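Okay, so here's the structure we're looking at.
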2 protein chains.
Amino acid sequence: MSHPDTSPREYVEAVCTGAKNAARELSALDDAQRTRALRAGAARLRDGMETILSANHEDVAAGANDGMTPAMLDRLTLSAGRIEAMAQGVEAVAALADPLAGTIASWTTSRGLEISQVRIPLGVVAVIYESRPNVTADVAALCLKAGDACILKGGKEAIRSNAAIADLLAAAFHDAGIPANALQLVRRTDRETTAELLKRDDAIDVVVPRGGPSLVRAIAEGSRIPVIKHYEGVCNVYVDAAADLHMAEEIAYNAKVQRPGVCNAMENLVVHRRIAAPFLSALAPRLRAAGVELRADEPAREILPDAVRATEADWRTEYLDLILAVKIVDSVDDAIAFVNRYGSGHSDSIVTADAAAAERFLARVDSAVVYHNASTRFTDGFEFGFGAEVGISTNRIHARGPMGLRELTTYKYVVRGEGQVR
Amino acid sequence: MSHPDTSPREYVEAVCTGAKNAARELSALDDAQRTRALRAGAARLRDGMETILSANHEDVAAGANDGMTPAMLDRLTLSAGRIEAMAQGVEAVAALADPLAGTIASWTTSRGLEISQVRIPLGVVAVIYESRPNVTADVAALCLKAGDACILKGGKEAIRSNAAIADLLAAAFHDAGIPANALQLVRRTDRETTAELLKRDDAIDVVVPRGGPSLVRAIAEGSRIPVIKHYEGVCNVYVDAAADLHMAEEIAYNAKVQRPGVCNAMENLVVHRRIAAPFLSALAPRLRAAGVELRADEPAREILPDAVRATEADWRTEYLDLILAVKIVDSVDDAIAFVNRYGSGHSDSIVTADAAAAERFLARVDSAVVYHNASTRFTDGFEFGFGAEVGISTNRIHARGPMGLRELTTYKYVVRGEGQVR
């Protein structure tokens, strides 16, 4: 990687050339080599703990000086325990099944050509993220396991920590026979460098932004490279007339309260009119005890007179907080129409004992993950059994919903003939 | 669809709203309904032959008046035979297997959730194309078979023909129970309307440009919506030292001469030094007899003294014409490096009897389709056995290489539980 003392364009050019060359070489390695390198990387993180902690100490001091909030400082701060968890995370990725193994499909054509559709690495993956330095190790590990070269651009506030982690991993990977520049951390934190990176669709195959909606939006709008977006989750739980009300109460409570600040938490509770009174009367005191503010439409406010009146904007809002919008509907079709209109296509659940209503909801709600009788909180790579998670995609193409190693790969066709011509 | 007398923005808003609503309704139909509607559409094209021919006659007269070349006029002109072929094409799509059938994967998680990954329509597909009016029927049929709503924008020169075809099909589809606006042809031909369409990532899920590289580039650069690009094919054939020279000659001749104006035709012939003299001496007279101009590097010019000297630019050029660049290399690795450097990642072939060299080339050449002992001309949806072709994608994600019905679909996760919470 070239020294940061060049122009953003020259700097990005050097990074991109390095990544492209590394990607070519990486595609020739096998899973055993990639896995060995990951194990060596985990060991090097443990050996380099003091180096990481000292770099992190500088970041935290600078952040405190710049007036970062305690919550932001907490996300930034590393400890021996957090570095050990990072090393274990790298080992967990190493232990996953080879995402490039196996053939997707194979067949022989009428002309006798043998066609195989095989998995290959995506190529060069750029990840742009904020704050937490463990993302550096997580993403580096996932990309190497998938055979991708990665270009990591973390936040300015974590640059020393990210550099310490990336340097240790890159050295360990290289010692284990991985091509130089398979892992590159962008050392410049100016906006021009990001803008230059996002122009390089000749070198970078996909960009994954990890951060708040404003970061994702800025990258999606500025990028010529395909972006795997992780936008908001306006998730809905619909409690049908035929629901087991105890089950519905547990699911609604869990989906709202267990971790309200994440994208798979419920934002809208949609309730069938017929069971609204008993259901909401039982649930509301529990939600209020957990500190949840209720915003309700007029029919729901007859049951919940203390609730704030919900506006049109509430149905579309990702609160990421202890706030819940409550809507009463007259049928499963009304619920489906509401979810498709106001939800964000992330994760939505129906609670019902009526199999026909459930199948109708599952078929017609157009979201990445649709649930019957379960909390929306299960939309997660680990809960899905993917072992590791790149994030949760809100794209409709290539990757939808929880994104594991497989979504860091693509395919090509290998065709074997005996001299066929057209 | 609203009348064209509104602003581009209002017009596009009406088209997008119609398409979104249609997509929702389409996703609830089954393959039998979609197939019946396609058969009805084919019959309606036959019944409406006079209407189409008369609209086409007006387009052709206007084109002749505007100074279109004979080749362009030929592409624009319809006949009874071409309309019959269009109707048969719609019937052929109807007869294909349901692209939404089957489950991609299903498993039970450690928490007992049953997860199914199921195929669903992509949603709303916009196709922007030039000249040939049969694209209207082809794309309308493919999108309906996949359950997608489509927005078609053809060229100004074919607007009357396209409108006649789209009106007949849309009426037949609607009579067969397909939602209104499942098929919409954009009636405005101004650039502002295209620009407005390409902003509507809230309504349109994917854009497929079908046309020359300048059209594709303009759309890719102006679009907020994911674009499935069909860029150029700089395809290479490498003749190894261990090639059967007779087979290599047939493949090279076919790949260059059989249809030079298409993206899967060979542009660069890469030859191992050891067999260059006998191979090129036998091939060159046949190529010259077919009217092929040869451009060669210095070592090849010693064998082909009449050849023009090839420049760096030649190796990167998609001639789409009877021109061939010839390069001599010293090894399969040199050939791989050449192909990865100068090719466009479309289709590349190795001719060899050496299994190890073949596997090395197939593994290391980073192209959508890699061949052993076959012509690059087989990169085609029909030759691959997909039955119909949307085009040949040069994207790395979602769709790579020949694009069939499956690439007009996406997936969602359906999760069935028994009250699970986190």
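The values are calculated or read from the model by the stated rules, or taken from the named source; none is laboratory data. Everything numeric here is computed off the predicted structure, so don't read it as measured data. Positions of Cβ are backbone-derived with ideal geometry, glycine not excepted, and every protein chain shown enters the neighbour counts.
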Worksheet item: Out of all the residues in segment A:198-221, which are more than 22 Å from A:Val390 (Cβ to Cβ) and part of a helix (DSSP H, G or I)?
Response: A:Lys199
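Restricting attention to strands (runs of 3 or more DSSP E) lying wholly within segment B:60-129, give those where 3 or more residues are within 14 Å of another protein chain (Cβ to nearest Cβ), surrounded by 12 or more Cβ atoms within 10 Å (Cβ to Cβ) and touching a Ser or Thr at 6+ places or on another chain (Cβ under 6 Å).
On the way: elements: B:103-108, B:114-121, B:124-129.
Strands (runs of 3 or more DSSP E) meeting the threshold: B:114-121.
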Worksheet, complete the sentence: Checked against (1) within 28 Å of A:Leu245 (Cα to Cα); (2) not assigned by TED's automatic domain parsing to the domain that holds A:Asn254, A:Ser375 satisfies every condition except (2)
Discussion item. Show the residue pairs meeting these rules: Cβ distance below 8 Å; 6+ apart or different chains; first residue within segment A:49-76 and over 14 Å from A:Arg132 (Cα atoms); second residue at pLDDT below 95.
Written reply: A:Ala62/A:Glu157; A:Ala64/A:Leu73; A:Asp66/A:Glu157
Fill in: A:Asn264 being within 21 Å of the chain's Cα centre (by Cα), at pLDDT 95 or above, away from chain B (no Cβ under 14 Å) and not in a helix (DSSP H, G or I)
no
Worksheet item: If you go through segment B:151-196, how many residues are aliphatic (A, V, I, L, M) and either modelled with pLDDT under 95 or under 30 Å from B:Asn65 (Cα atoms) (or both)?
Response: 14
Fill in: Selection count, segment B:213-226, where residues are touching a residue at least 40 places away in the same chain (Cβ under 8 Å) and within 13 Å of chain A (Cβ to nearest Cβ)
3
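For the condition buried (at least 18 other Cβ atoms within 10 Å of the Cβ), small (Gly, Ala, Ser) and over 20 Å from B:Val351 (Cβ atoms), what is the one hit in B:Ala307, B:Ala289, B:Ala313, B:Ala296?
Numbers: B:Ala289 fails: buried (at least 18 other Cβ atoms within 10 Å of the Cβ); B:Ala313 fails: buried (at least 18 other Cβ atoms within 10 Å of the Cβ); B:Ala296 fails: over 20 Å from B:Val351 (Cβ atoms).
Going through B:Ala307, B:Ala289, B:Ala313, B:Ala296 in turn, just one is buried (at least 18 other Cβ atoms within 10 Å of the Cβ), small (Gly, Ala, Ser) and over 20 Å from B:Val351 (Cβ atoms): B:Ala307.
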Fill in: Candidates A:Tyr238, A:Tyr253, A:Tyr231, filtered to the one that is closer than 22 Å to A:Leu320 by Cα, in contact with a Pro (Cβ under 7 Å, 6 or more places away or on another chain) and either touching a residue at least 12 places away in the same chain (Cβ under 8 Å) or not assigned by TED's automatic domain parsing to the domain that holds A:Thr409 (or both)
A:Tyr231
Worksheet item: Would you pick out the residues in segment A:374-400 that are touching a Lys or Arg at 6+ places or on another chain (Cβ under 7 Å) and either hydroxyl-bearing (Ser, Thr, Tyr) or in contact (Cβ under 8 Å) with a residue 40 or more places away in the chain (or both)?
Response: A:Ser375, A:Arg377, A:Phe378, A:Gly391, A:Ser393, A:Thr394, A:Asn395
Worksheet, complete the sentence: Of the residues in segment A:181-197 that are free of Cβ contacts under 8 Å to residues at least 60 places away in the same chain and not in a strand (DSSP E or B), the one that is nearest to the other protein chains (Cβ to nearest Cβ) is A:Arg191
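Please determine, by comparing only the residues of segment A:1-48 that are part of a loop (DSSP other than H, G, I, E, B) and among the charged types (D, E, K, R), which one is farthest from A:Lys199 (Cα to Cα). So that I can check it myself, show each step before the final result.
Keep residues of segment A:1-48 that are part of a loop (DSSP other than H, G, I, E, B), which gives A:1-7, A:27-30, A:48.
After this cut, where a residue has to be among the charged types (D, E, K, R) as well, the list is A:5, A:30.
Working: A:Asp5: 20, A:Asp30: 31 Å.
Ranking the candidates gives A:Asp30 first.
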Response to the item:
The condition of being within 20 Å of B:His57 (Cα to Cα), surrounded by fewer than 22 Cβ atoms within 10 Å (Cβ to Cβ) and more than 24 Å from the chain's Cα centre (by Cα) holds, among B:Asp167, B:Asp190, B:Asp202, only for B:Asp167
Discussion item. Taking the criterion of being hydroxyl-bearing (Ser, Thr, Tyr) and touching a Cys at 6+ places or on another chain (Cβ under 8 Å), would at least one residue in segment A:354-376 satisfy it?
Written reply: yes
Discussion item. Give me the residue from segment A:339-371 that is surrounded by 20 or more Cβ atoms within 10 Å (Cβ to Cβ) and of a type in the set (Asp, Glu) and, out of that set, farthest from B:Thr410 (Cα to Cα).
Written reply: A:Asp348
Item to complete: Could you tell me whether segment B:287-307 includes any residue that is touching an Asp or Glu at 6+ places or on another chain (Cβ under 9 Å), on the phi < 0 side of the Ramachandran plot and at pLDDT below 95?
Response: no
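Which one of B:Ala374, B:Ala335 is buried (at least 21 other Cβ atoms within 10 Å of the Cβ), over 30 Å from B:Leu113 (Cα atoms) and away from every other protein chain (no Cβ under 11 Å)?
Values: B:Ala374 fails: away from every other protein chain (no Cβ under 11 Å).
Being buried (at least 21 other Cβ atoms within 10 Å of the Cβ), over 30 Å from B:Leu113 (Cα atoms) and away from every other protein chain (no Cβ under 11 Å) holds for just one of B:Ala374, B:Ala335, which is B:Ala335.
Can you find a residue that is at pLDDT 95 or above and either not hydrophobic (A, V, I, L, M, F, W, C) or not assigned by TED's automatic domain parsing to the domain that holds A:Tyr342 (or both) anywhere in segment A:241-248? Spell out the reasoning first.
Keep residues of segment A:241-248 that are at pLDDT 95 or above, which gives A:241-248.
Subset that is either not hydrophobic (A, V, I, L, M, F, W, C) or not assigned by TED's automatic domain parsing to the domain that holds A:Tyr342 (or both): A:244, A:246.
Yes, segment A:241-248 has at least one match.
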Worksheet item: Can you tell me how many residues in segment B:1-27 are within 14 Å of chain A (Cβ to nearest Cβ), of a type in the set (Ser, Thr, Tyr) and touching a Pro at 6+ places or on another chain (Cβ under 8 Å)?
Response: 1
Worksheet, complete the sentence: Given (1) facing chain B (nearest Cβ under 9 Å); (2) at pLDDT 95 or above, A:Phe361 misses just (1)
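Of the residues A:Asp30, A:Asp47, which single one is within 14 Å of another protein chain (Cβ to nearest Cβ), charged (D, E, K, R) and under 23 Å from A:Ala180 (Cβ atoms)?
Values: A:Asp47 fails: within 14 Å of another protein chain (Cβ to nearest Cβ).
Answer to the selection: A:Asp30.
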Fill in: Of all residues making up segment B:383-422, the number that are farther than 24 Å from A:Val206 by Cβ, within 7 Å of chain A (Cβ to nearest Cβ) and within 25 Å of the chain's Cα centre (by Cα)
3
Discussion item. If A:Asn236 satisfies all but one of (1) more than 20 Å from A:Arg400 (Cα to Cα); (2) touching a strand residue (DSSP E or B) at 6+ places or on another chain (Cβ under 9 Å), what's the number of the condition it fails?
Written reply: (1)
Worksheet item: Looking at segment B:243-250, is at least one residue buried (at least 22 other Cβ atoms within 10 Å of the Cβ), touching a residue at least 60 places away in the same chain (Cβ under 8 Å), in a helix (DSSP H, G or I) and within 12 Å of another protein chain (Cβ to nearest Cβ)?
Response: yes
Discussion item. Go through (1) away from chain A (no Cβ under 13 Å); (2) within 17 Å of B:Lys256 (Cα to Cα); (3) crowded, with 21+ Cβ neighbours inside 10 Å for B:Leu320 and report which single condition fails.
Written reply: (3)
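Report whether or not B:Ser367 is in the same structural domain as B:Gly345 (by TED's automatic domain parsing) and of a type in the set (Gly, Ala, Ser). Outline the logic, then answer.
Working: in the same structural domain as B:Gly345 (by TED's automatic domain parsing): yes; of a type in the set (Gly, Ala, Ser): yes.
Yes.
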